[in-house]
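Working notes, structure below.
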Amino acid sequence: MSRTFAYCRVSTTGQTTENQVQEIKAAGFDIQQQRCIEETVSGSVPASDRKGFHKLLERMESGDVLVVTKLDRLGRNAMDVRSTVELLDGRSIKVHCLALGGVDLTSPAGKMTMSVIASVAEFERDLLIERTQSGLARAKSEGKSLGRPPIASAGDVQKLKAANQSQSEVAQELKISLSTVKRLWNREEPLVT
């Protein structure tokens, strides 16, 4: 008799897996608490390196069913998702993805669907990275300052240093960390008057 397991993953501690659990239950899958693995780990971490996923693999047997809400719960790129599904298929575990209409990803139709969707998602991600890099390069060529603005300059630190203040006094006055003061303490920059 096959058992149903759920794998619910979020990327940050500020997120919750509650919506994923509810979606799986609403789709009619009967998952018991001990068969629902929830974890907080970035999708960039391959499934093979996730503690919760390993726990899931230890519990599952041939003939069981794994349910996920979306492909990206299994991995961020097409290769990771495919290798995870192939690993499960090799153990005769079916993988259902709700976002794909509950299709079994280990079936021939599911494998084809998963490959097309995962490839499109990876393509979109690559385009986003390309656009971001182009935007940063353009901003840099226009002389725009990238990154967060400095909270204190070397000139600010040098001015207080010239007034014979200690490093800790400078840190307190500028409301910056002592390590920032130390980094800027001997930097050559004209004094700001």
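Read the figures in this text as sums done on the coordinates, not as results from a lab. Keep in mind the model is a prediction, meaning the values are calculated, not measured. Methodologically, a virtual Cβ is constructed for each residue, glycine included, from the backbone with ideal geometry; neighbour enumeration extends over all protein chains shown.
Here are a few things to note about the model shown:
- Of all complete DSSP H helices in the chain, not one has a Cα span along the helix axis of 30 Å or greater and a mean Kyte-Doolittle hydropathy of 0.5 or more.
- Counting neighbouring Cβ atoms within 10 Å and putting the fewest first, the residues Phe29, Phe123 line up as Phe123, Phe29.
- Considering only Val81, Val21, Leu136, the residue lying farthest towards the positive end of the dipole of the chain is Leu136, judged by Cα position with unit charges set on Cβ.
- Stretching Val41 away from Glu86 to a fully extended chain increases their span by 14.1 nm, per 0.36 nm per residue minus the current alpha-carbon distance.
- Measuring between alpha carbons in the structure, the pairs from Lys55/Lys111; Lys70/Lys144; Lys140/Lys161; Lys25/Lys55 lying more than 27 angstrom apart are Lys70/Lys144; Lys140/Lys161.
- Highest-first arrangement of 142-150, 64-72, 35-43, where packing means the average Cβ count within 10 Å: 64-72, 35-43, 142-150
- Residues Met114, Met1, Met60, Met79 arranged by fewest to most Cβ contacts within 10 Å: Met1, Met79, Met60, Met114
- Centre separation in Å (Cα based) which lies between region 167-184 and region 1-53: 45 Å
- The length gained on full extension between Ala139 and Ser177, counted as 0.36 nm times the residue separation minus their Cα-Cα distance, comes to 10.7 nm.
- Extension gain for Glu130-Asp30 works out to 31.8 nm (0.36 nm per residue, less the C-alpha to C-alpha distance).
- The ranking of Arg125, Arg82, Arg73 by Cβ neighbour count inside 10 Å, starting from the fewest, reads Arg125, Arg82, Arg73.
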